[in-house]
1. Considering only residues that are within 15 Å of the chain's Cα centre (by Cα) and open to solvent by 80 Å² or more (accessible area, probe 1.4 Å), look in segment 144-163 and name the one that is farthest from TYR101 (Cα to Cα).
2. Can LEU76 be described as aliphatic (A, V, I, L, M), in contact with a Lys or Arg (Cβ under 8 Å, 6 or more places away or on another chain) and either at pLDDT 65 or above or open to solvent by less than 70 Å² (accessible area, probe 1.4 Å) (or both)?
3. Given the structure, is PHE151 within 23 Å of LYS41 (Cβ to Cβ), of a type in the set (Phe, Trp, Tyr) and modelled with pLDDT of 90 or more?
4. Scanning segment 85-139 for residues that are over 20 Å from the mean Cα position of the chain (by Cα) and outside any helix (DSSP H, G or I), which turns out farthest from SER177 (Cα to Cα)?
5. Taking segment 154-163 as the search range and keeping residues that are more than 29 Å from PRO111 (Cα to Cα) and out of contact with any Leu (no Cβ under 7 Å at 6 or more places or on another chain), which one is modelled with the lowest pLDDT?
6. Consider PHE110 carefully, then state whether it is crowded, with 17+ Cβ neighbours inside 10 Å and either over 16 Å from GLY199 (Cα atoms) or in contact with a His (Cβ under 9 Å, 6 or more places away or on another chain) (or both).
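The values are calculated or read from the model by the stated rules, or taken from the named source; none is laboratory data. Remember, it's a predicted structure, so these values are computed and weren't measured experimentally. So basically every Cβ, Gly included, is an ideal-geometry build from the backbone, and we count neighbours across all protein chains shown. Protein only, heavy atoms only, side chains kept; ligands, DNA and RNA dropped before computing areas. Shrake-Rupley method; radii C 1.70, N 1.55, O 1.52, S 1.80 Å.
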Amino acid sequence: MKALMKNAFSDYLHVEILAVILASVMVAAVTSYIAADSVYKASIIGGSVTPLLGAPGHLSGQVQEKAPDYYASQYLTMKEKIAGLFGALVWSNSSLLSSVYVVAVMIALFPLMYRTRSSFVPLLFRERASPAKTALIGLTVSFIIFLPLAFSALFPIGVVSLKWLSGISQHSLLLLSSILISLLLTATLAVYSTYILWGRLDLSIVFTLLLAFLLSGKLGFEWWTVWIYLGTSAGLIAIMLYSFHRRWMSV
């Protein structure tokens, strides 16, 4: 166990930290851009429109004929609608999100995966561990790298929630956050498992991108998307462990 954990962190740790920071910035920048564009469009589509645009609205000099509670409830209802539109608009860019997340995961995990893959066989003899146990320990370390990427994906959604959509039920924002995290988790497991099994960066990237595009193109903005991503992640782990059990690893 000590050799496995020591192998997880190299002498060039500062370079690997910079790689994780770069990947986190990529995730945050793209998610922030899509979130800003989506909340702007959702505010136009779901907000109250002025009569200047030919749609029902309220003039600034118009006298209120109903109680303030009515207008407060109308305001919250409008924000709920905007929140739902915001989540759907963000997820409409699922292909871009998938590609950027996969590239970011590859940048962040590659140093760890390369060391684990290159020293996989020596570690088996040194630690007297099974291939499945060795791969799972490396996967556990990869989850540590996954955390800053997850925070980078959630940060723009949190800013939108606090600054523009506060005071609502947060149901659609929770759904959006769950979808983004499950997508990022699936990309992490796909990149790690395929690279550890095949040892080829190109095959790992191609497989993960195809998987991400296939799923994102078929899944909508609903809770089933989260469960399908989580099920896919569990399936990837099971396939990796079964491959080690059957000795299908490409050495």
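1. It comes out as ILE144.
2. Spelling it out, it is not the case that LEU76 is aliphatic (A, V, I, L, M), in contact with a Lys or Arg (Cβ under 8 Å, 6 or more places away or on another chain) and either at pLDDT 65 or above or open to solvent by less than 70 Å² (accessible area, probe 1.4 Å) (or both).
3. Spelling it out, it is not the case that PHE151 is within 23 Å of LYS41 (Cβ to Cβ), of a type in the set (Phe, Trp, Tyr) and modelled with pLDDT of 90 or more.
4. By that ranking, first place goes to ARG128.
5. LYS163
6. no
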